[in-house]
1. Just the residues that are under 21 Å from M1 (Cα atoms), among the hydrophobic types (A, V, I, L, M, F, W, C) and in contact with a Leu (Cβ under 9 Å, 6 or more places away or on another chain), please, taken from the stretch 125-147.
2. Do we have V235 as touching an Asp or Glu at 6+ places or on another chain (Cβ under 6 Å), in a strand (DSSP E or B) and within 16 Å of the ligand (Cβ to nearest atom) here?
3. Right, R299: in the same structural domain as T11 (by TED's automatic domain parsing) and buried (at least 22 other Cβ atoms within 10 Å of the Cβ) or not?
4. Report, by residue number, each residue of the stretch 319-337 that is crowded, with 21+ Cβ neighbours inside 10 Å and of a type outside the set (G, A, S).
5. Every residue in the stretch 59-87 that is away from the ligand (no atom under 16 Å from the Cβ), among the β-branched types (V, I, T) and closer than 24 Å to Y104 by Cα, please.
6. For the stretch 248-363, which fully contained helices (runs of 4 or more DSSP H) count at least 3 residues that are more than 24 Å from N129 (Cβ to Cβ)?
Amino acid sequence: MKSIKRVGILTGGGDCPGLNAVIRSIAKPAMTYFGATVVGIEDGFEGLVEGRMRELTPKDIGGIIGVGGTILGTSTKGNPFQFPVDTPKGIEIFDYSENAIRNYKDWGLDVLIAIGGDGTMHIVDRFTNMGLNFIGVPKTIDNDLAATDVTFGYYSAVGVATDAIDRLHSTASAHHRVMVVEVMGRYAGWIALGAGLAGGADSILIPEIPFKWEKIYEHVLRRGKQGDRFSIVCVAEGAKPAEGGLVVKETDKKRTDPIRLGGIGDLVARNVSDATGLETRVTVLGHLQRGGSPTAYDRILATKFGAKALELAWENKFGYMVSLRGTEVTAVAVKEAILTLRTVPLNAQEIIAARAVGTCFGD
Ligand code: F6P
């Protein structure tokens with residue numbers, strides 16, 4: 001067994017409540033019980049390519065369990081195998097994985113624990129195949145990683161979105177309006193489903209159920225006839241009409257996933273207003289969902305994930321990702337973890353329960 005004396009940590013992809021709790025629960029025991037040096041890599045894989053790394057001290061990791069964001073910084077643009085560089089000819093993509101490997105070796109890392117979403121796990125898999133000692137910790141508010149039942153950050157985001165829906169109810173009912181709230185989630189509807197269910201949204205639109213415009217119009221009009229003169233429509237940014245595609249805000253070649261979603265909320269509000277004559281308003285929650293303090297659940301899950309990652313390092317179980325199965329934190333081979341995205345199954349209990357209370361999914 002390789003003795004672990006130098007542990008690298010990076011956070012990759014979009015930030016997410018709970019990242020600091022993971023960093024803390026890796027670094028504290030690594031320093032305290034194993035006498036290891038912990039090297040923090042700045043801004044995810046971008047920092048690994050560029051050699052922006054520093055040894056962390058106990059002071060760095062004190063008092064961070066409830067702090068949002070990541071003390072290490074992160075980036076959605078630093079895939080070492082497709083590294084974007086601004087050149088006089090425009091953005092060009094280069095393979096800079098050799099730089100990343102050189103920095104990994106120069107800093108004497110025995111293991112690198114990468115905390116990230118599916119983009120990060122794909123990179124972890126490639127470096128693992130090249131013989132480097134990587135361990136993955138799954139994070140994303142989108143909750144779309146297949147090999148874990150839940151990712152930390154998800155319930156924090158759902159909490160923010162639920163609170164927003166609660167607040168929107170006041171204006172919806174006072175002004176008899178249709179209030180559309182657009183939430184994040186990329187190609188999965190978990191956030192919309194969770195917040196829509198918890199907030200009692202009247203319609204929930206998710207990517208997994210392409211919607212028919214007529215069904216939404218009928219639902220808000222029917223509510224009006226029943227005396228409920230307002231509606232809340234919770235729409236996932238990746239939701240799309242049965243006849244039509246994703247609404248994309250912009251594409252950016254530098255990003256690991258070049259597509260930035262956004263705008264479906266506006267489209268829904270405009271069409272509902274045109275078709276029904278009802279007054280509509282739209283609220284796009286955006287990055288509010290990723291900000292702020294993690295919930296108690298996410299702090300606990302993140303802490304358990306970090307501790308497990310360190311345990312895997314000690315056991316030399318490289319190429320594994322920490323995962324939650326039921327109530328148990330376990331590990332799964334990264335190559336299996338990246339096979340598919342975890343979208344909402346059509347028979348999800350949340351969908352069944354929402355339908356039972358009269359929620360419209362636009363189908
Ligand atoms: O993956 C997390 C997420 O917040 C998605 O829900 C969203 O589509 C995306 O990141 C937004 O990315 P950015 O912060 O780079 O605009």
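The values are calculated or read from the model by the stated rules, or taken from the named source; none is laboratory data. This structure is a prediction, so every number in the text was calculated from the model and none was measured. Counting neighbours? That spans all protein chains shown, and the Cβs are built from the backbone with ideal geometry, glycine included.
1. If the condition is that a residue be under 21 Å from M1 (Cα atoms), among the hydrophobic types (A, V, I, L, M, F, W, C) and in contact with a Leu (Cβ under 9 Å, 6 or more places away or on another chain), then F127, L132, F134, I135 are the ones that fit.
2. So V235 passes the test.
3. Against the criterion (in the same structural domain as T11 (by TED's automatic domain parsing) and buried (at least 22 other Cβ atoms within 10 Å of the Cβ)), R299 qualifies.
4. From the stretch 319-337, those crowded, with 21+ Cβ neighbours inside 10 Å are 320-323, 331, 334, 337; that's our starting set.
Answer for the stretch 319-337, where residues must be crowded, with 21+ Cβ neighbours inside 10 Å and of a type outside the set (G, A, S): Y320, M321, V322, V334.
5. Residues of the stretch 59-87 that are away from the ligand (no atom under 16 Å from the Cβ), as a first pass: 59-67, 71-72, 80-83, 85-87.
From the residues that got through so far, the ones that are among the β-branched types (V, I, T) too are 61, 64-65, 67, 71, 85, 87.
Listed by number, the residues that qualify are I61, I71, V85.
6. Values: elements: 264-276, 296-314, 334-337, 349-356.
Correct list: 264-276, 296-314, 349-356.
Residue-wise test of (1) of a type outside the set (S, T, N, Q); (2) more than 11 Å from the ligand (Cβ to nearest atom).
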{"site": "N129", "(1), (2)": "no, yes"}
{"site": "I135", "(1), (2)": "yes, yes"}
{"site": "P138", "(1), (2)": "yes, yes"}
{"site": "L145", "(1), (2)": "yes, no"}
{"site": "T148", "(1), (2)": "no, yes"}
{"site": "Y154", "(1), (2)": "yes, no"}
{"site": "H169", "(1), (2)": "yes, yes"}
{"site": "G185", "(1), (2)": "yes, no"}
{"site": "A188", "(1), (2)": "yes, no"}
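Matching residues to (1) in contact with a Ser or Thr (Cβ under 8 Å, 6 or more places away or on another chain); (2) assigned by TED's automatic domain parsing to the domain that holds S170; (3) away from the ligand (no atom under 16 Å from the Cβ):
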site: L267; (1), (2), (3): no, yes, yes
site: V272; (1), (2), (3): yes, yes, yes
site: K304; (1), (2), (3): yes, no, yes
site: W314; (1), (2), (3): no, no, yes
site: T330; (1), (2), (3): yes, no, yes
